[in-house]
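Scroll down for the structure; my scribbles are underneath it.
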There are 2 protein chains.
Amino acid sequence: MRIAVDAMGGDNAPEAVVRGSILARDEYDVSIILSGKENEIKKILESSTSDFSNIEILNAEEVITNEDKPVMALRRKKDSSLVKALNAVKNKEADAIVSAGSTGALLGGATLIIGRINGIERPALGALIPNMNGGVALLIDSGANVDSKPEFLYDFAIMGDIYLKKAMNIDAPRIALANIGAEKTKGDKLTVETYDLLENTALPLNFIGNIEAREILQGKADIIVCDGFVGNMILKTLEGTVLELMKGLKKELMSTTRTKIGGALIKPALYGFKNKFDYSEHGGAPILGVKETVIKAHGSSDSKALKNAIRQAKICYENKLNDLIEESIMRR
Amino acid sequence: MRIAVDAMGGDNAPEAVVRGSILARDEYDVSIILSGKENEIKKILESSTSDFSNIEILNAEEVITNEDKPVMALRRKKDSSLVKALNAVKNKEADAIVSAGSTGALLGGATLIIGRINGIERPALGALIPNMNGGVALLIDSGANVDSKPEFLYDFAIMGDIYLKKAMNIDAPRIALANIGAEKTKGDKLTVETYDLLENTALPLNFIGNIEAREILQGKADIIVCDGFVGNMILKTLEGTVLELMKGLKKELMSTTRTKIGGALIKPALYGFKNKFDYSEHGGAPILGVKETVIKAHGSSDSKALKNAIRQAKICYENKLNDLIEESIMRR
């Protein structure tokens, strides 16, 4: 299997991306196509390994950044690492793409360059949220679509279900609808109508009803379905709260000699705790509903996170996730 | 000033409510009308004080709980502590109402029994979110309305502005729109159109643009405007994350002898930290847009939180908040 990797995407690119790609090649028996500035990539490669088998460089002189407007950048920066990697997948020179760069550009490119699966109106971005029990939940859509219709959310549930079954080996994933109350009648027009669709589906979906935002970290659901505006609010509130609390806690621990000693004693425990929320363990976020395998690695990915994102791409591809999604969508 | 207090509302009612009411009477020179089961209230009163001046009991034999359907309960439980307190305000026997009971029932009753301010289509629930700098932000709407129109959000901003200026003494409150990106063009139909209204207002609103959910705890805005579905998601994700992190941290600290000793050393620092997120300091959440002063105290209010909620009611009433809201709404 050949995986196109956007070597220039992410906070730690190209260094962490190239090193993560080497790790993945060694561990997972995949071929890597590194898309990006050849000179820079070569230098990192040569300083990291003496085995260059199954690694290829696709030279691209431009980089799409988070500051670029996604659609415009895709159109104008034809010689960017992302556009070249996307085209490699489109032209069947690669079987999947992994990028830790701009989410908007990857989403846009996945839809505009690779294209949607038949029957899917809106591809969605799934984000893996760790919970306190050591498990994860897939939040879908976590930010690709706003002003969703109930039919979109229904498709998100179907795609998420296949993803968890095939890519994460969860038998009958519990699907919940993010809502402001537990009862069926609660919520806005979108959630009330989506509830109906999920409750009356002919597909074997394990729909468990509504989940309130307060319960998200409790591990009650494997898939949390919502509009992308709502998903973004949930995800960013969660990330911001964890970040600010950890920062605040650190500050408190540095405030007196007493707390400094206490802090030193609990440091290993704190690290264990922090690891529960470690993105690098969980690899990347799948963009579901497009014709090929597309994995968005976290922007701050280190080489380990990148390696795990590549593993995810491999699993999705080998399990023919997109074929299964297309089949389910035909039957819905 | 006379304040009707729903003595049976909240997790710690009637005990904490009655005691908080006594504290408020002693501190703020207000008369309290305690609505609820006379026998129970009397017992707590007699065991707490020997001074019964400016405290009156309004007997009500029924209680509306969180399990009741709000509108149905308001209609059927005419002899409930909440309905009687609301009617006391409606009939000008009280100047304000404070309740720590069912949010839905208080919201419904505020609109159905007390009534909306002229020109306001949707009253809103404001929630005070503490931030890491020791300040707070008003999240409005935090859950009263779903499927909002841009005009509703515009009114939420106007009401929040007056509330912060008059009830919290903030000069030119920074108003931000909860959104998925910083740029004006980001968001769903609702936020894009609301942005336009807020940017082009003729009122002296200090609109600072969009705020992302990740920044909410950073103290960048004084008022965060959003639809109630979105506000509920933000608020509950935040509460759930703080709660689960604190639980998880506690567990880690109890895991070994070493962490137990460390935990003991940092305990005071942890408490100081936790206090930043202490609701009891900030009193209650105002329901804005109804004709009289209505304050929702947190469900888990202790006597101190209840006392602070009563103080808030007093401040709103004495500053003629509702008159100011009506004036602004006429000019918008």
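Each reported figure results from applying straightforward, stated rules to the coordinates on display, with no laboratory input. For clarity, every value in this text was computed on a predicted model and none was experimentally measured. All Cβ positions, glycine included, derive from the backbone under ideal geometry; neighbour counts span all protein chains shown.
Reported to the nearest whole Å, the Cα centre-to-centre distance from the stretch A:10-27 to the stretch B:43-99 is 64. Per residue of B:211-217, other chain Cβ atoms within 10 Å of the residue Cβ number 6 on average. Between B:E318 and B:S255, the modelled labels are 5.1 nm apart [label points 7 Å from Cα along Cα→Cβ].
Per residue of peptide B:225-236, the mean number of Cβ atoms on other chains within 10 Å of the residue Cβ is 6. In chain B, taking the dipole from charged Cβ atoms about the Cα centre, the farthest positive-side position among B:N131, B:N200, B:I55 is held by B:N131.
Highest mean packing first, where packing is the average number of other Cβ atoms within 10 Å per residue, the peptides B:321-327, A:34-40 line up as A:34-40, B:321-327.
Put a dot 7 Å past the Cα of B:M72, heading toward its Cβ, do the same for A:M72, and the two dots end up 5.4 nm apart. The loop-placed trypsin sites (Lys or Arg not before Pro) in the stretch A:76-176, going by DSSP, that have at most 16 neighbouring Cβ atoms within 10 Å of their Cβ come out as A:K78, A:K92.
Note that the stretch B:33-132 shows a convex hull volume over its alpha carbon atoms of 155 Å³ per residue. Under the convention that each Lys and Arg Cβ holds +1 and each Asp and Glu Cβ holds -1, the size of the dipole of chain A around its Cα centre is about 660 debye.
Amide H neighbours of A:G209 under 5 Å, at least 5 residues apart or on other chains, H built in the peptide plane: list them. Long-range HN contacts for A:G209: A:L177. The Cα center of the stretch A:114-168 and the Cα center of the stretch B:115-164 differ in position by 31 Å. Note that the stretch A:121-128 has calculated 3J(HN,Hα) couplings of 7, 9, x, 10, 9, x, 10, 8 Hz, one per residue in order, obtained from phi through the Karplus relation 6.51 cos²θ - 1.76 cosθ + 1.60 (θ = phi - 60°); glycine and proline are x. Between the residues B:M246, B:N210, B:I310, the greatest Cα displacement towards the positive end of the dipole of the stretch B:187-313, with unit charges on the Cβ of Lys, Arg, Asp and Glu, is found for B:M246.
Where does the stretch A:194-282 land on the Kirkwood hydrodynamic radius, alpha-carbon pairs, in angstrom?
One decimal place: 16.3 Å for the Kirkwood radius.
Can you list the GluC sites (Glu not before Pro) in the stretch A:105-189 that are in a DSSP coil and have 15 or fewer other beta carbons within 10 angstrom? In loop regions of the stretch A:105-189 (DSSP not H, G, I, E or B), the sparsely surrounded GluC sites (Glu not before Pro) are A:E121, A:E183.
Remark: chain B projects, on average over all directions, an area of 18.0 nm² (convex hull of Cα atoms). Modelled this way, with points 7 Å down the Cα-to-C-beta line, the labels at B:N118 and A:A202 are 5.8 nm from one another. Across A:I261, A:I287, A:I170, mean-square fluctuation computed from a Gaussian network of chain A (C-alpha pairs under 10 Å connected) peaks at A:I261.
The amide H of A:I3, built 1.01 Å from its N in the peptide plane, has A:S31, A:I32, A:I33, A:D95 as neighbours under 5 Å, considering only residues 5 or more places off or on other chains.
For A:A137, the residues whose amide H sits under 5 Å from its own are A:I129, A:N131, ignoring neighbours fewer than 5 places away on the same chain, with H placed 1.01 Å from N.
Distances, shortest first, from the label point of A:T256 to those at the same position in the other copies read 2.5 nm; the point lies 7 Å along Cα to C-beta. Across identical copies of the chain, A:G181 has label-point separations of 3.5 nm, listed in ascending order, with the point defined 7 angstrom from Cα along Cα→Cβ.
Shortest first, A:K78 label-point distances to identical copies amount to 7.8 nm, with the label point at 7 Å from Cα along Cα→Cβ. Can you list, bin by bin at 10 Å, the percent of alpha carbon pairs in the protein assembly as shown, starting at 0? Once binned at 10 Å, the Cα pair distances of the protein assembly as shown give 3, 15, 22, 23, 19, 11, 5, 2, 0. Among B:A110, B:A202, B:A213, which one shows the highest mean-square fluctuation when chain B is modelled as a Gaussian network with alpha-carbon springs under 10 Å? Of the options given, B:A202 has the highest mean-square fluctuation. Taken residue by residue and averaged, Cβ atoms of other chains lying within 10 Å of the Cβ of A:130-138 number 1. The calculated FRET efficiency for B:D29 paired with A:A172, based on their beta-carbon distance and R0 = 51 Å, is about 0.25.
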